[in-house]
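Here's the structure we're looking at; comments come further down.
No lab work stands behind these numbers, since they all come straight from the coordinates. On a predicted model such as this, the values are computed, not experimentally measured, just so you know. When we count neighbours, we look across all protein chains shown, and the Cβ atoms used for this are built from the backbone with ideal geometry, even at glycine.
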Amino acid sequence: MIAEPAIQVRGIEKSFKDVQVLRGVDFDVKAGSIFALLGSNGAGKTTLVRILSTLLKADAGTATVHHFDVAAKPGDVRESISLTGQFAAVDEVLSGRENLVLIAKLRHLKDPGAIADDLLARFSLTEAGSRKAATYSGGMRRRLDIAMSLIGNPPIIFLDEPTTGLDPQARIEVWQTIKKLADSGTTVLLTTQYLEEAEQLADRIAILHKGTIIQNGTLTELKQLLPPAKVEYVEKQPSLEDVFLALVGDTGETDTTANDDRPDGTVAPRKESR
Amino acid sequence: MTNHALGDTGVLTGRSLRHILRSPDTIITTAVTPIALMLLFVYVLGGAINTGSDESYINYMLPGILLITIASGIAYTAYRLFLDLQGGIFERFQSMPIARSSVLWAHVLTSLTANLVSVVIVIGVALIMGFRTGASVGAWLAVGGILILFTLALTWLAVIAGLSAKTVDGASAFSYPLIFLPFISSAFVPTTSMPGPVAWFAENQPVTSIVNTIRALFAQQPVGSNIWIALAWLVGILVVAYAFAIVAYRRKIS
């Protein structure tokens, strides 16, 4: 059981009309690991995630998620996963708390209110909890989105480009969230077009290019594909990101700007974590 | 999974009803146009219209106004469904272990509730303007039943529009011809006053039989065969629209 991968993908193909988006994709994701699917726009990342999360049917090939075949047992797959799509899937008319309560009710959990309050605290959204999600910043919305995905503790989480469109601070917040998730044993499959994101987070990285996986390995393995490192002396210039983060503070707390009079210390531990 | 269908539908209906409570303008704008039409027809045009009956003109035209209210109200149903599809929330629901039909049914039940509220508002204004009826409880229930059937039939049409639209405007544009249909019916003037081909169309389109039935129920007159023609139209439209909506939905989620 332990050796069996949480996600197993074999020969998945998918075409839209004449365009073949996936041309036979194979990979395994070990339970409890973070697996990054790296690829440029149009590489087929989202299509693959949609197939694995039962939103789309593959033309050929098989895939199992949490030991369930996605085509034969979509209901069981849905019980085992959570999808955080490319666009934050929050209800903008509802408040943050109402969004969480809604999902908890739809997952038929007891005491949805307590679950919501707990997640609001974990994602530093307690103060904003009663505000409409439409008023949230991009980072807060993403945090709420991921919080909604955690309800019911699904063993596998799909994150489709979780940090696209976020500012650097919000991106770091999301990274910290994802790391914590994997530490608690959740299997994470994330897609990204940012090399740094894969480097920061992933235990294994697969490069999806033109519908197939062209490389799959750990960061060290991928680095060994290139000629051995040469020693060169280069004057170290701070990157613009370093400068930006140094100037605005590296805490990644976008919502405190709106509410400086935070009474409790809910965010304190995250400030030192980087 | 299916044993949760009712509960899931309830939760999701609660969600979209909350949307309406937070933007009551959707109900108000739905009611405003029919009320304006009612004022225009009763106080401006109505004096010149000969309905050939002793009824006051507002009694004569209220059934048509109610149908116009519902026809404009369902545009919001298509609009809300379209917005759910546009945002990621629809996909989130689809990737969760909930009954798939409950997402649609929640929109249908919300549409029913919102439209009935609009209809009640319009009837309230009509009462202020002098609408009177001696209809019995049974007749009122019959009117309510017909209006519910009419709302459901048009709502499933709205679901097709909401599922297949490419733009927000497209999602609600389909309702314009439906709003216009009562004008070419017995809703405002007797069909006998129309030229031949127009009168033929007016007499044989669904709105006329529905309007005549509701009018007869309000006036405590026998409904005659109108009610059966009306019911046949309503059930027919409902079944066909439902079938097409389900096909469109399947195509969307597979």
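Need one number: the % of Cα-Cα pairs in the stretch A:7-271 sitting beyond the 35 Å mark. So the pairs more than 35 Å apart make up 20 percent of the total in the stretch A:7-271. Each other residue within a Cβ distance under 12 Å of residue A:192 adds +1 if Lys or Arg and -1 if Asp or Glu, for a net charge of -3.
Rounded to the nearest 0.05, what FRET efficiency is calculated for residue A:212 and residue B:252 with R0 set to 22 Å and r the Cβ-Cβ distance? Numbers along the way, then the final one.
Numbers: r = 28 Å, r/R0 = 1.29.
Between residue A:212 and residue B:252 the formula returns 0.20.
Find the Cα radius of gyration of the stretch B:56-191, compare it with 2.2 N^0.38 Å by division, and give the number to two decimals.
On the way: Rg = 17.1 Å, N = 136, 2.2 N^0.38 = 14.2 Å.
Compactness ratio reported: 1.20.
Look at the dipole of the protein assembly as shown built from charges on Cβ: of B:244, A:55, A:185, the Cα furthest out on the positive end belongs to B:244. Under the simplified labelling scheme, the residue B:200-residue A:62 pair shows an inter-label distance of 6.4 nm, with each label point 7 Å from Cα along Cα→Cβ. Would you mind classifying the stretch A:167-217 by shape? Square roots of the alpha carbon gyration tensor eigenvalues, ordered a ≥ b ≥ c; an a/c under 1.5 is rounded, otherwise it is prolate if a/b is larger than b/c and oblate if not. In terms of gyration-tensor shape, oblate.
With contacts taken as Cα pairs under 8 Å and at least 6 residues apart, chain A reaches a relative contact order of 24 percent. Give me the distance between the Cα centres of the stretch A:160-177 and the stretch B:39-105, rounded to whole Å. Cα centroid of the stretch A:160-177 versus Cα centroid of the stretch B:39-105: 42 Å apart. Label point of residue B:120 set 7 angstrom out along Cα-Cβ; within the stretch B:134-168, amide nitrogens under 15 Å from it belong to B:141, B:144-145, B:148.
Peptide A:88-98 has a mean shielding of 4, counted as Cβ atoms of other protein chains within 10 Å of each residue's Cβ.
Placing +1 on the Cβ of every Lys and Arg and -1 on the Cβ of every Asp and Glu, with no other charges, gives the stretch A:18-98 a dipole of roughly 140 debye about its Cα centre. Around the Cα centre of the protein assembly as shown, unit charges on the Cβ atoms of Lys, Arg, Asp and Glu (plus for the first two, minus for the last two) sum to a dipole of about 1020 debye.
The mean number of Cβ atoms from other chains found within 10 Å of a Cβ in peptide A:78-84 is 4, as a whole number. Think of the stretch A:1-149 as a dipole: +1 on every Lys or Arg Cβ, -1 on every Asp or Glu Cβ, centred on the Cα centre; then among A:116, A:37, A:93, A:93 lies furthest on the positive end.
Per DSSP H run of at least 4 residues, take -39500 (n - 2.57); add these up for the protein assembly as shown, divide by its residues and hand me the 222 nm value, nearest 500 deg cm²/dmol.
Values: 21 runs with 280 residues, N = 528.
That comes out to -17000 deg cm²/dmol.
Applying Stokes-Einstein at 25 °C and 0.890 mPa s to the Kirkwood radius of the protein assembly as shown, computed over alpha-carbon pairs, gives a translational diffusion coefficient of 93 µm² s⁻¹. Which residue, chosen from B:175, B:10, B:110, occupies the Cα position most advanced towards the positive end of the dipole of the stretch B:2-253, where the dipole is computed from +1 (Lys, Arg) and -1 (Asp, Glu) charges on Cβ about the Cα centre? Positive-most Cα among the choices belongs to B:10.
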